[in-house]
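> What follows is a single structure, and I will ask about it in a moment.
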Amino acid sequence: MPLMYTGKIEGMKRSSYDGVERLALQFIERKTDGSLDPIQIKVPLDVPQTELKVGVTVQLPVLLASMDNRIYYRVDADAYRAQLARK
């Protein structure tokens, strides 16, 4: 079972690099001390985006990578497609 991230989509950041479109979902995590942490989850191009809208609370299967003391999140495309098929 993949790691799941649950949260409300606060923003969607679209960009392009070398002609390839990219999408990152933006979330805000509220810490117990009252501070906020922004979290971005990259969305692979082959992931259906019909249910991904600002203001919607989602549960996403994610893959993690760590580099330079930072954690990077990416939607697990296969697990997400399987999750949509079960609905």
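> Would you confirm whether any residue within region 72-82 is free of Cβ contacts under 8 Å to residues at least 40 places away in the same chain, over 12 Å from the mean Cα position of the chain (by Cα) and loosely packed, with under 10 Cβ neighbours inside 10 Å?
Looking through region 72-82, none of the residues is free of Cβ contacts under 8 Å to residues at least 40 places away in the same chain, over 12 Å from the mean Cα position of the chain (by Cα) and loosely packed, with under 10 Cβ neighbours inside 10 Å.
> If you don't mind, another one. How many residues are exposed (fewer than 10 other Cβ atoms within 10 Å of the Cβ) and either hydroxyl-bearing (Ser, Thr, Tyr) or at pLDDT 95 or above (or both) when one looks only at region 37-52?
1
> Being open to solvent by less than 90 Å² (accessible area, probe 1.4 Å) and under 10 Å from the mean Cα position of the chain (by Cα) is the filter here, so list the residues in region 58-71 that pass it.
Val58, Leu60, Pro61, Val62, Leu63 - these are the residues of region 58-71 that are open to solvent by less than 90 Å² (accessible area, probe 1.4 Å) and under 10 Å from the mean Cα position of the chain (by Cα).
> Give the residue that is modelled with the highest pLDDT, with candidates limited to residues of region 1-31 that are in a loop (DSSP other than H, G, I, E, B), exposed (fewer than 12 other Cβ atoms within 10 Å of the Cβ) and not acidic (Asp, Glu).
Looking at the filtered set, the residue picked out is Lys31.
> Among the residues of region 58-87, how many are in a strand (DSSP E or B) and among the small types (Gly, Ala, Ser)?
Residues flagged as in a strand (DSSP E or B) and among the small types (Gly, Ala, Ser) within region 58-87 amount to 2.
> Still on this model: Give Gly34, Gly55 a once-over and let me know the one that is at pLDDT 95 or above, part of a loop (DSSP other than H, G, I, E, B) and either loosely packed, with under 14 Cβ neighbours inside 10 Å or not polar (S, T, N, Q) (or both).
Gly55
The values are calculated or read from the model by the stated rules, or taken from the named source; none is laboratory data. These numbers come from a predicted model, not from an experiment. Backbone-built Cβ (ideal geometry, glycine too); neighbour counts: all protein chains shown. Just so you know, the surface numbers come from the protein's heavy atoms only, side chains and all, with ligands and any DNA or RNA stripped out. Shrake-Rupley method; radii C 1.70, N 1.55, O 1.52, S 1.80 Å.
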